[in-house]
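We did not get these values from a lab; they are worked out from the coordinates using the rules stated. Quick caveat: nothing in here was measured; it's all calculated off a predicted structure. Cβ placement follows ideal geometry from the backbone for every residue including glycine, while neighbour counts extend to all protein chains displayed.
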Amino acid sequence: METVPRDTTDAKAVAPKELCHFIGGRKVAGTSGRFGDVCNPTLGIVTAREPFATKAETEAAIADAAEAFPKWAATSPLVRARVMFRFKQLIEEHMDEIVHLVSSEHGKVASDARGSIQRGLEVVEFACGIGHLLKGEFSNNVSNGIDMYSLRQPVGVCAGITPFNFPAMVPLWMLAVAVACGNTFVLKPSERDPGCSLRLAELLLEAGAPPGVLNVVLGDREAVDTLLTDPRVAAVSFVGSTPVARHVYATASAHGKRVQAMAGAKNHMIVLPDADMDQAADALMGAAYGSAGERCMAISVVLPVGESTADALRERLVERIKTLKVGASDDAASEMGPLVTRDHLERVQGYVDVGVQEGAELVVDGRGKKPFGHDEGFFMGACLFDNVKPEMRIYQEEIFGPVLCMLRTESFDEALRLTDEHPYGNGVAIFTRDGDAARDFSTRVQAGMVGVNVPIPVPLAFYSFGGWKDSAFGDLNQHGPDGVRFYTRLKTVTQRWPTGIRKGAEFVMPTMK
């Protein structure tokens, strides 16, 4: 769908902005001499240059976080909660600005950008209840004159390594819980869209967090590997592709850190013959093509059960794709914006080429489609494959773009088996009117997040987010109760106060008497 052409002359004439690290509560210019480009995906132009941190610069951020930790950890949880409340208020006050940052650096349409920020903001709201969330347990008089209680205490300096697809939401998922628990934080955002992380750090400082509580280092693998190996970093949280997640988990674990590493996905949606086909098609449109498919929870595989189900679903999808509004991220009429970079666009289009070569039927080809007036933008239209086979690369591998694969199945059991046999197990969905089938699916399916007539079952902030199999590494998930457990250590205290009566030394294991 064409959009109104925009005059981009001024935008192209403006020199790229020079970004800085944010360390110890202030902007710090990079010294490495290595830089990366930040692009506006709609316009296809470079809008900023970011310095890539050296090992020494990353260590400086860790040092500032380590210095700030003792005082912040000793700060009352009530005071930390008030900082979170103020942080929430500031994000709301600057919502339009942050939406613009997300759209201009990532390419999400404004409505999607706003929704993603809201989901991050909900974790900040969850963290505002940290006083309650950190409550321990108490047992009175477990033995004569002896009481026992437990404490949850912060772990120290924590690091977050975040992906390009949610430049505001995922950093908020990590830092809000970590900082509210009393930790200090070093954030390494994606080099493709770092602007949101820098702005969030400024807002948290304005909200009352002391300098050093949140630091942002811009960079690439050199910064990442420093965070993974430095002994002052106690915990590492990561979201990204499976190969990098494996590296993060193996390296950080080998250096004695606790790790949560959320990885890749190939989310399946089973459609049973009794499902509302219009509802299923509408759900697939948003789940497969929203955010240009650049979501770890996107539905990229649909498994209709039965030929008639597949035919009915295909017909509806083709009609809806025809009216999908692909356009500039700042155009209110747009439903799908550009991909994040030219390299990523070429990668996704390459997967479409592979699917054709492998023999899948390309029902709708979105390659080369650009909205009018945006020839330099990183755009492509929606793609739909039918008659995909399990051995094909487009089925086995994560494409991370607006490409939906239809794999026809003969029965519910076959669809469930294919879902379970896939190496990824992030999110899944089923569309049906049959409660027994839905319950059976929810119980048996091998995935961490399940939707019943819900295509993108991302848990709310007071639950935890995480997948199974090759979609997650580590024992604890993001935000919610698992987030609090990840960013704290449990300490159990057994106490007895002298009564003035000496009984002498005891050499047996203490037991209840």
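General observations
- Farthest toward the positive end of the dipole of the chain, out of Thr42, Thr499, Leu19, is the Cα of Thr499, where the dipole comes from beta carbon charges about the Cα centre.
- With each label modelled as a point 7 angstrom along the Cα→C-beta vector, the Met95-Asp440 pair spans 4.4 nm.
- Modelled this way, with points 7 Å down the Cα-to-C-beta line, the labels at Val508 and Asn140 are 2.8 nm from one another.
- Length gained on full extension, Leu78 to Asn453, computed as 0.36 nm times the residue gap minus the Cα-Cα distance: 131.0 nm.
- Here Thr162, Thr226 are placed in order of increasing Cβ neighbour count within 10 Å, fewest first, which gives Thr226, Thr162.
- Check: the range 267-452 dipole with +1 on Lys, Arg Cβ and -1 on Asp, Glu Cβ, in debye: 320 debye
- Placing +1 on the Cβ of every Lys and Arg and -1 on the Cβ of every Asp and Glu, with no other charges, gives the range 391-488 a dipole of roughly 300 debye about its Cα centre.
- Nearest-ten-degree value, helix 307-322 long axis tilted from longest Cα axis of the chain: 90 degrees
- Each peptide in 95-103, 187-195, 424-432 was scored by the mean count of other Cβ atoms within 10 Å over its residues; highest first, the order is 424-432, 187-195, 95-103.
- Lys, Arg +1 and Asp, Glu -1 on Cβ, resulting dipole of the chain about Cα centre, debye, nearest 20: 2500 debye
- Each of Phe85, Phe400, Phe441 was scored by other Cβ atoms within 10 Å of its Cβ. Arranged with the fewest first, they read Phe85, Phe441, Phe400.
- Paramagnetic label zone (point 7 Å from Cα along Cα-to-C-beta, Lys71; backbone N under 16 Å) in the range 214-240: 214-215
- At R0 = 56 Å, FRET efficiency that the Cβ-Cβ distance of Arg433 and Glu376 yields, to 0.05: 0.75
- Degrees between helix 169-180 axis and first principal axis of the chain (Cα, 0 to 90, nearest 10): 10 degrees
- Entry note, the chain: relative contact order of 19 percent, from Cα contacts under 8 Å with a spacing of 6+ residues.
- When the Cα positions of Gly240, Ala310, Ala209 are compared along the charge dipole of the chain, Ala209 comes out farthest toward the positive end, with charges on each C-beta of Lys, Arg, Asp and Glu.
- The long axis of helix 412-421 is offset from the longest Cα principal axis of the chain by roughly 60 degrees.
- Estimated FRET transfer efficiency (Glu391, Ser411; beta-carbon r; R0 25 Å; 0.05): 0.80
- Expected 222 nm ellipticity per residue - DSSP helices of 4 or more, -39500 (n - 2.57), all of the chain, to 500: -12000 deg cm²/dmol
- When you restrict to C-alpha pairs under 8 Å that are six or more residues apart and normalise by the size of the range 270-321, the relative contact order lands at 51 percent.
- Fewest neighbouring Cβ atoms within 10 Å first, the residues Trp173, Trp497, Trp72, Trp468 line up as Trp497, Trp468, Trp72, Trp173.
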